[in-house]
Amino acid sequence: MSFSLLQLSLIIIGYLFFLFSAAYVVDRGWIPKRIVRHPIVYVLSLGVYASAWAFYGSVSMAEQYGYGFLAYYLGISGAFLLSPILLKPILHITSTYQLSSLADLFAFRYRSRLAGVIVTLFTLAVALPLLTLQIAAVAESMHLLNAELPSSTLAFAFCLTMVLFAILFGARHVSPREKHEGLIFALAFESLFKLIAITVLGVIALFFVFDGSGDMQNWISSNQEQLISGHTSLQEGPWRTLLLVFFAAAVVAPHMFHVTFTENLNPQALRQASWGLPLFLLLMSLSVPPILWAGVYLNVDAPTEFYALGIGMALNSEALVIMVFAGGLAAASGVIIVTTLATAAMFLNHIILPSYTPSPRFDFYKWLLWTRRLLIASILLGAYWFYSMVSGNVEITLLGILAFVAAVQFLPGVLGVLYWPTANRWGLISGLTAGILVWLFTLLLPLAKLTLGWEYIIPLPATNMENWDVAAMGSFAINLVLFVVISSVTKQKGSERAAAEACSVDTVSRPSRKPLMASNSNDVIVSLSKPLGRYVAEREVHQALKDIGLPSYEDRPYALRRLRTRLEANLSGLMGPTVAHDIISCNLPFQKDAELSEDIYQIEQRMEGFHDRLSGLAGELDNLRRYHKQTLERLPMGVCSVSDEGEVLMWNAAMASLTQIAPKDVTGIRLNTVADPWGNMLQKFLHDDAIRQHKKRIEQQGRPHWYNLHKSIIQASGGQPGGTVILVEDQTETQMLEEELVHSERLASIGRLAAGVAHEIGNPITGIDCLAQSMRYETDNAEVLEMADQIQEQTKRVTRIVQSLMNFSHSGNQTTEHLPVNISTCIDEAIQLLRLSSQGRDIEYRNQCDPDWQVVGDSQRLVQVFINLLGNARDASPDFSCIHIFGYVDNYQVTLHVVDQGSGIAEDKLDHIFDPFFTTKEVGKGTGLGLALVHNIIEEHYGHISISSPVPEHIEDLQRSLSLDNTLPAKDSISANNAGACVTLRLPKVQNNLLEDDSE
Amino acid sequence: MYNYRVALLVVFGLYVFSPVVIDWWLAPNGAWYHPFAIWFLLIAAHIFVGFKRGSDEL
């Protein structure tokens, strides 16, 4: 069976084009985000791990090691089963600080440009055999399908195709910070396709080559000797080494790091991946033994690695061969694309950008994009060069072993990032360098000598395919020992310590609260314009502000510090942590003379993020911290704490309620920039010597408010920052009550004075009246008589006033009876008395109260109330108007309304209408004591009185509904012009039991 | 917090003794799919433990 070049090319181009179309559809947003970000897509995309090694190489491994081939699957499965303690912390670090590769992670954690460079170069040493393995698998499989075509030509054509598609997949966007959703979706599709392909082949092997599982088992039993004759025993063999290198591959293999962390679209999906990827790999590996045994059974004429293709050829099934070939292509192309993209990004960030930065005049994003494309092409062509060197002499399993053993050298550094905060750059660099050198001299060069026949001047160990694991473990052990020893005997720099704290699983980073030189976000843009150009600087600053949810202009010191941190993270995603750190350090420096103190607010925010992960004593302490925080937050007094530098650190809920300023708007800003009047008042108090101030008056919303202020100094000690805590106590209500009490007391004093004066005036006035009366009998002179009349008239007036004063002042001393009183009778009596007066004879009084309504009170005093109320109403009413008295009764009280049709009362006078000596009448016509007296009497009856003008709508409606005789028009001519007034009285109703007692 | 280090030690211990365990696991005496069945049971146990632990821990 043979396929033409055209057929094979069509299969490759067609498959890759279909794959790209899937990615394109996703990038255009034609597939809903919930599908693209679904955990299943993420899990399947992680299946990129199952490369050509899994598809072809595993069969060869199974032949050599028996079930030992499972190490490839079990190692990484173990890493994913341990994802809560291994992968999740790394994902947290990479997403927080925008780290896109292992070199980024090491350069960030160990604060070493050299570490980034070494990791990048060593990653190339990992990537080249890995890429070569994939190229070899595809080229060899093509060669198997068409023996006329030379492998090297096929490999070159395949490499060129992959350059194009790698650029299409990963280097179309301007900003590499964006996640490649299309790429992830395409990888998921690839994984699904290769799983289906290998499963179908496994099923065919099981049921068509053999006659089911039982038949295959019988065949295995009868050929046991032959099958295991070539096996290498697990205990003697490289089992541990294989398990270790594939365990580490989850993090240290460039393509796995890229898919697991850099392209992660949904952090929660890692939870599903912890069992989803092992399950996927289980399904992938399940077909490997049947394929091997079917190959042996059919005596397939192909290398063991390509039994998968050979079975289809032996069965003479073109469809099966094409499907398997496309499956292998899917397995290889995914790894090629992702590994190339990841390695290119590392080269850009750690080799090119630190040594050459384009002029700010150029479009930086465009420069980045083209450099990245050039790197992708260079790496793939480099892989082709490596392939052309080893082509035909090296098994693809050996290439895989070389790549993964090189990658495992990064494992000590990764564990140091997570679990050893004191590990340092010198330990990492020395361990890594030693490990790679040992790998080179004990593994790579001896195996090259063995397979390629290379000769060397220096003596090398006799490593071969049986003892390679000794060399691999030796290189790893030397790396680990040097890492531990050198880190223990050398010291970290301050910046490295801070980065270690930021990365370590067990600690919370403690950011400093140093103020920036830049005073606002516009200054930040200006500073960053120097290295990045104005356009890029503006775009990055606005993006960073948007990322942390801040407005486009910021001048709060706290917000600027957060902006600085975010900018460094975002630039790190763009150009690597080393360059980003250099740019930020040089262009956005902190103030040099400022004291270094910790940002408690940020520490607390980060601790909130760790809450779910704290256990034991740490968890208990965190609960205690939250309890104290809640106590302060919910304290019914305003609490505000201010740092030594004058920054607001805390602003509790009561404070927000008092000031109407939300905590998020004020936390982190300087106290003197808080909106007035609060900023001014608190700032003055902060710098005042007094530790408390009473009743500070400020105007809020046009009304005065009073606050008591207290403060306490927090002394800085033992690394704990100092500051001041300010308590604010609202005294407005107390102050209002005090003022009211003073007013009442003043009125009472006036009342007592008036009573005294009235008493003293009464006697001489009586004398004057008597003398005037005597004078009438002493003369007949008309003038004198008239004068006497006038004197008597005036003395009567004085007497009336004095009597009113006496009544008012004595009203509180009189005993009020509390007996059942018929309220309607009282009103009638008051009306009768008023009608005796010559005034207001044209006024009509309408008592519409039910004659059966009874209240508890003193009838005489209630008559006095109605005389005053109706008298006032009469005085305010125009001629021929009507005064209505009506109401209603409920379970506990009788409510009465006295409504007139007068001119009404101005709104500003309503509040004072019951004050003594307050009158709206003309001078000389009223004393201002009538309504005050009414008020007192009603209060003595445990009632309530209020006045409203104009007459409220609902009272008018009630009045209208009660006027059954229809004598009252809806709005007559008088009431239409006058606002009128309504006095409402509420008096306690007589309860039935009281009536019964009374009747007894 | 210190549970992580304990877990890492346990993993290291399992790794050291893994050939003994694996020899039993992958012994060619039983049916050819036995190693896969045991692997599947381990995954199922992990899923069960994961669901019990709750979604907020990961």
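The values are calculated or read from the model by the stated rules, or taken from the named source; none is laboratory data. These numbers come from a predicted model, not from an experiment. Reconstructed Cβ throughout: ideal geometry from the backbone, glycine too, with neighbour counts over all protein chains shown. Please note that ligands, DNA and RNA were not included when accessible areas were found on the heavy atoms of the full protein model with its side chains. Shrake-Rupley method; radii C 1.70, N 1.55, O 1.52, S 1.80 Å.
Key figures
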read-out	value
Breaking point among (1) under 17 Å from A:Gly887 (Cα atoms); (2) open to solvent by 40 Å² or more (accessible area, probe 1.4 Å); (3) in contact (Cβ under 8 Å) with a residue 40 or more places away in the chain, for A:Leu819	(1)
Test result for A:Thr734, over 27 Å from the mean Cα position of the chain (by Cα) and closer than 17 Å to A:Leu632 by Cα	no
Residue in segment A:53-62 that is within 28 Å of A:Leu145 (Cβ to Cβ), open to solvent by less than 10 Å² (accessible area, probe 1.4 Å) and under 43 Å from the mean Cα position of the chain (by Cα) present	yes
Residue that is modelled with the lowest pLDDT, among those in segment A:234-265 that are over 14 Å from A:Leu70 (Cα atoms) and within 12 Å of another protein chain (Cβ to nearest Cβ)	A:Glu236
Enumeration of residues in segment A:511-534 that are closer than 15 Å to A:Asn570 by Cβ and either modelled with pLDDT under 85 or under 27 Å from the mean Cα position of the chain (by Cα) (or both)	A:Ser521, A:Val524, A:Ile525, A:Pro531, A:Leu532
All strands (runs of 3 or more DSSP E) inside segment A:626-706 with 1 or more residues being surrounded by 15 or more Cβ atoms within 10 Å (Cβ to Cβ), of a type in the set (A, V, I, L, M) and touching a residue at least 60 places away in the same chain (Cβ under 8 Å)	A:638-643, A:648-651
Residue check, A:Ser285 polar (S, T, N, Q), within 18 Å of A:Thr397 (Cβ to Cβ) and open to solvent by less than 10 Å² (accessible area, probe 1.4 Å)	yes
Count of segment A:75-95 residues which are crowded, with 24+ Cβ neighbours inside 10 Å and at the interface with another protein chain (Cβ under 9 Å from one of its Cβ atoms)	2
Candidates A:Leu164, A:Leu154, A:Leu131, filtered to the one that is within 41 Å of the chain's Cα centre (by Cα) and under 21 Å from A:Phe325 (Cα atoms)	A:Leu164
Single condition A:Leu381 does not satisfy, out of (1) farther than 26 Å from A:Ser191 by Cβ; (2) modelled with pLDDT under 90; (3) open to solvent by 10 Å² or more (accessible area, probe 1.4 Å)	(2)
Test: residue in segment A:463-478 that is open to solvent by 10 Å² or more (accessible area, probe 1.4 Å), over 42 Å from the mean Cα position of the chain (by Cα), of a type in the set (D, E, K, R) and modelled with pLDDT under 85	yes
